[in-house]
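Everything on this sheet refers to the single structure shown next.
All of the numbers you see were taken from the coordinates with simple rules; none came from a lab. Computed from a predicted structure; not experimentally measured. Reconstructed Cβ throughout: ideal geometry from the backbone, glycine too, with neighbour counts over all protein chains shown.
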Amino acid sequence: MAGLALLCGGCSGGILDPAGPIGGAERKILLDALAIMLAIVIPTIVATLAVAWWYRASNKRARYRPNFVYSGRLELIIWSIPALVIFFLGGIAWIGSHRLDPAQPIPAARHQPVEIEVVALDWKWLFIYPQQGIAAVNRMVVPADTPLRLRITSATVLNVFFVPRLGTMIYAMYGMSSSLNLQADQLGSYLGEAAHFNGDGFSDMRFDVQTLAPAQFNAWVQDVRGSVNGRSLDADSYRLLLRQSQNVPPYFYRSVQPGLFEAILHQQLPPGEGPQTGRPGSDVRFKRE
């Protein structure tokens, strides 16, 4: 029991401890697939142990049949069970991939969806709130029980956006936009990360997802807008943001130049440097196609 408790404790804070409907549905698919596959694994293990025990050297009742080559019943069992498993797994994958299409909007229940534009940089994340006119670096603040509509791109090399407790990792690609719909139902702070190696700062390219009550989220937006020491995000400050940096603490922009995300997406602004190659100090860099 202690070992089982330890294993279950290790699942907290990850994909098996979802905080939203998308993560919960993905966990259900994972557990259903595991249960179906155990229909082969458990009987195979039991049969292996049973055969080894029955045909032990001390069992005189076991018949040695060196000329045995075929049994229709055994062939039926051996092939029908894996075929059924593949059929069920394929059905789960087919249905789940359509129901959990990342671009499929989550029906708005009590609150209107919040739009967030996400840009992967070296080595940090930029979150732009076009409806609120603010932005944040390495922290995504969202209201609870509210659908989130994310548009994701990269200003540098290929990356992957992933919040394990909310579900669905998705590519962030230079010059392209990915759509992702998520929702957080529980108040708290969740880990977000870059799930694709992208250079020296990859290991620390993380961000926080902070979930607030809707009223608290609105108050946070007003605080960011009214910050005396807040920065403004425009084309010039974005160029400064493109510089490579690691372990960047979260900070916010009280205003954002309209259409900035579209300018980044359509390559109207310069790209990031990309990861360096060779020894430290080398000027050789990856080239984009």
Next item on the list: Return one number: the angle in degrees, 0 to 90 and rounded to the nearest 10, between the long axis of the Cα atoms of helix 214-225 and the longest principal axis of the Cα atoms of the chain.
Entry: 40
Note to self: Please list, in order, the residues from region 124-165 whose amide nitrogen is less than 18 Å from a point placed 7 Å along the Cα→Cβ vector of ARG231.
What the structure shows: 124-130, 133-141, 155-156
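Tell me what the chain gives for mean residue ellipticity at 222 nm when only DSSP H runs of n ≥ 4 count, each as -39,500 (n - 2.57), the sum divided by the residue total, rounded to 500 deg cm²/dmol.
On the way: 6 runs with 95 residues, N = 289.
Rounded to the nearest 500, the figure is -11000 deg cm²/dmol.
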Next item on the list: Work out the FRET efficiency for ASP185 and LEU49 from their Cβ-Cβ distance, taking R0 = 35 Å, and round it to the nearest 0.05.
Entry: 0.20
Notebook entry, point to check: Which ³J(HN,Hα) values, rounded to whole Hz and listed in residue order, are derived for region 180-196 from phi using the Karplus coefficients 6.51, -1.76 and 1.60 in 6.51 cos²θ - 1.76 cosθ + 1.60 with θ = phi - 60°, glycine and proline given as x?
Noted result: 9, 10, 9, 7, 10, 9, 10, 6, x, 10, 10, 7, x, 8, 8, 9, 9
Next item on the list: Quick one: which residues, 5 or more positions from SER154 or on another chain, have an amide H under 5 Å from its amide H? H modelled 1.01 Å from N in the peptide plane, none for Pro or chain starts.
Entry: ALA120, MET173, TYR174, GLY175, MET176
Note to self: With both bridge residues required to lie in the chain, what share of the DSSP beta bridges run antiparallel, to the nearest 5%?
What the structure shows: 65
Next item on the list: Using a 10 angstrom cutoff on alpha carbons, build the Gaussian network for the chain and name the most mobile of ILE78, ILE264, ILE92.
Entry: ILE78
Next item on the list: Quick one: grab Rg to one decimal and Dmax as a whole number for region 152-229, Cα atoms only, in Å.
Entry: 14.7, 39
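Tell me, what is the FRET efficiency for ILE42 and GLN216 to the nearest 0.05, using R0 = 51 angstrom and their Cβ-Cβ distance as r? It would help to have the intermediate numbers written out before the result.
Values: r = 48 Å, r/R0 = 0.94.
The pair ILE42/GLN216 has a calculated efficiency of 0.60.
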Note to self: If I histogram all Cα-Cα distances within the chain using bins 10 Å wide from 0, what percent of pairs lands in each bin?
What the structure shows: 6, 22, 26, 18, 12, 8, 6, 2, 1
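As an exercise, use a Förster radius of 51 Å and the Cβ-Cβ distance of SER255 and LEU89 to find the FRET efficiency, rounded to the nearest 0.05.
That gives a FRET efficiency of 0.55.
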Next item on the list: For region 56-127, state which chymotrypsin sites (Phe, Trp or Tyr not before Pro) are in a DSSP loop and have at most 12 other beta carbons lying within 10 Å of their beta carbon.
Entry: TYR64, PHE68, TYR70
Next item on the list: Please give, to one decimal in nm, the separation of the simple spin-label points placed at SER58 and ARG110, each 7 Å out from Cα toward the Cβ.
Entry: 6.7
Notebook entry, point to check: Which whole-number percentage describes the relative contact order of the chain, with Cα contacts under 8 Å and a sequence gap of 6 or more?
Noted result: 19
Check: In the chain, which longest range has no trypsin sites (Lys or Arg not before Pro) that are both DSSP loop (not H, G, I, E or B) and surrounded by at most 10 other Cβ atoms within 10 Å?
Finding: 111-242
Notebook entry, point to check: What's the center-to-center distance, using Cα atoms, between region 259-273 and region 52-124 in Å?
Noted result: 42
